[in-house]
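Report on the structure given below.
Throughout, read-outs are computed from the coordinates displayed, never taken from laboratory work. In this text the structure is predicted, and so the values were computed from the model without any measurement. We place every Cβ from the backbone using ideal geometry, glycine too, and count neighbours over all the protein chains shown.
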Amino acid sequence: MEITPPPCLNKPLKFPNKLLMGPGPSNCSPRVLHALSLPILGHMHTETFQIMDEIKEGIKYIFQTKNELTLAISAAGHGGMEAVLCNLVEPGDKVLVAVNGLWGMRAIRMAENYGAVVSQIATSLGNNYSLGQLETAILSEKPDLLFVVQGESSTGVYQPLESLGKICHKYNCLLAVDTVASLGAVPFFMDKWEVDAVYTGSQKVLSAPPGITPISFSKRAQTKIFQRKSRPSVYYFDMNVVGEQWGCVGTVRTYHHTVSSSLLCGLREALAIICEEGIENSMKRHKECTMRLHDGLKRLGLEFFVGDPEARLPTVTSIKIPEGVDWKKITTTAMNTYNLEIGGGLGPTAGLIGRVGIMGYNAQPENIDFLLSVLQKLLKDKCKL
Ligand code: GLV
């Protein structure tokens, strides 16, 4: 052989156990890790279909929906954005994006890739939109689809959504929502709020591994997808065919792609855990931990990037980098010395903020206290510019 086996693969796979308190992923619980280690199943096995059916029920619970086109796609949360836009946008459609950070900016780029005529509303970083602002933009832009991010992890902004679906439908516009970083920690009612398309991250509040993304489409959205003039341009995300494999569309489960049974098992167990706890209790736990974190950050003299307390996302807290502090040094020292992940800014907030994530299995008071004690040490001792 000209190319010999690389020596780097001749060593055991080993890394420390880290506490992931950045903007995601969060740590998986031992129960989810066990589910991930179960034997591999074939993607057309009876047990696999049973697990997929249980996952669909769990996703309907977390999104609070009865939508039949509810499933999990084989992709990271970001793939959820791709799947929603790829299915709901036809060339020439008008898409309005409410930008409040990186994810809205990404949605613009993707919608353009699918041939949409895109307009955007922009607010200064760290703020959300009032319903009035969104309605005014819908009235002036007359979009076919409004795209909103409920939890902008790049800025730590929470966008309230109640009544927005009704407003969109008054103007014949569909509503798509990204709940990757928010679901399970803040209220979300897909049917009651008339949301047409939603996806969330498996790796955030659900504390499952990344790579498998819950997604759901309303009847209105389903009609749009099934009556498209052109097929969605990415076969991998085409809900007509993915929906068949998941038993949401048609009567026969048809092969589309080889779904990872390990990821299915991990997600199934993570959904079982949130169903046992109940979303209300999960929200309460996240709120209590966030308050504990925020009190601690104030005691350390740190300031929040999001000024309005109501607009602060409970899952991702964004912190202004204090003058004279080297945040990069904070994050690398926290990782190298304490195996603790703390985040920096992302996209438009890079270099401006630090980010702390409180999500899912990690939302426990002892983790907050540990993180605050590490931050206190690093701010005091070493991490000056
Ligand atoms: C990822 O979701 C991030 O916000 O860094």
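Just a few scattered comments:
- P(r) tail for the chain: Cα pairs beyond 27 Å make up 50% of the total.
- Relative exposure of Lys287, Lys166, judged by other C-beta atoms within 10 Å (fewest first): Lys166, Lys287
- Taking amide H as placed 1.01 Å from N in the peptide plane, Gly344 has its amide H under 5 Å from the amide H of Arg355, each at least 5 places away in sequence or on another chain.
- Rounded if a/c under 1.5, otherwise prolate or oblate - the range 79-126, Cα gyration tensor axes: oblate
- Options Leu69, Ala363, Leu271, ranked by Cα towards positive dipole end of the chain, top entry (Cβ charges): Ala363
- Euclidean distance of C-alpha centroids, the range 145-216 and the range 6-58, integer Å: 24
- DSSP beta bridges fully contained in the chain are about 50 percent antiparallel.
- Cβ charges +1 (Lys, Arg) and -1 (Asp, Glu), total dipole of the range 158-280, debye: 640
- Cut-off under 5 Å, modelled amide H: who pairs with Ser218 long-range: Ala197
- By the count of neighbouring beta-carbon atoms within 10 Å, fewest first, Tyr255, Tyr61 end up ordered Tyr255, Tyr61.
- For the chain, the 222 nm mean residue ellipticity estimated from helices alone, with every DSSP H stretch of n ≥ 4 adding -39500 (n - 2.57) and the total spread over all residues, rounds to -12000 deg cm²/dmol.
- Applying a threshold of 28 Å to the alpha-carbon distances of Lys56/Lys320; Lys284/Lys320; Lys18/Lys380; Lys170/Lys204; Lys11/Lys204; Lys94/Lys287 flags Lys56/Lys320; Lys170/Lys204; Lys11/Lys204; Lys94/Lys287 as lying beyond it.
- Cα gyration tensor category, rounded, prolate or oblate, for the range 115-228 with a/c compared to 1.5: oblate
- The amide H of Arg312, built 1.01 Å from its N in the peptide plane, has Tyr158 as neighbours under 5 Å, considering only residues 5 or more places off or on other chains.
- For the range 230-240, 3J(HN,Hα) computed residue by residue from phi via the Karplus equation (6.51, -1.76, 1.60; θ = phi - 60°) reads 10, 6, x, 6, 10, 4, 4, 9, 5, 5, 4 Hz, glycine and proline entered as x.
- Protection proxy ranking of 67-76, 40-49, 186-195 - average other beta-carbon atoms within 10 Å, highest first: 67-76, 186-195, 40-49
- Signed unit charges on C-beta, dipole axis of the range 1-120, positive-most listed residue Gly24, Val95, Ser119: Gly24
- For the range 178-188, Karplus couplings with θ = phi - 60° (6.51, -1.76, 1.60), whole Hz, Gly/Pro x: 9, 10, 3, 9, 10, 4, x, 10, 9, x, 8
- Charge dipole (Cα centre; +1 on Lys/Arg Cβ, -1 on Asp/Glu Cβ; no other charges) of the range 302-345 amounts to roughly 160 debye.
- Couplings 3J(HN,Hα) of the range 307-315, computed from phi: x, 7, x, 5, 9, 8, 6, x, 7 Hz, in residue order, whole Hz [Karplus 6.51 cos²θ - 1.76 cosθ + 1.60, θ = phi - 60°; x for Gly and Pro].
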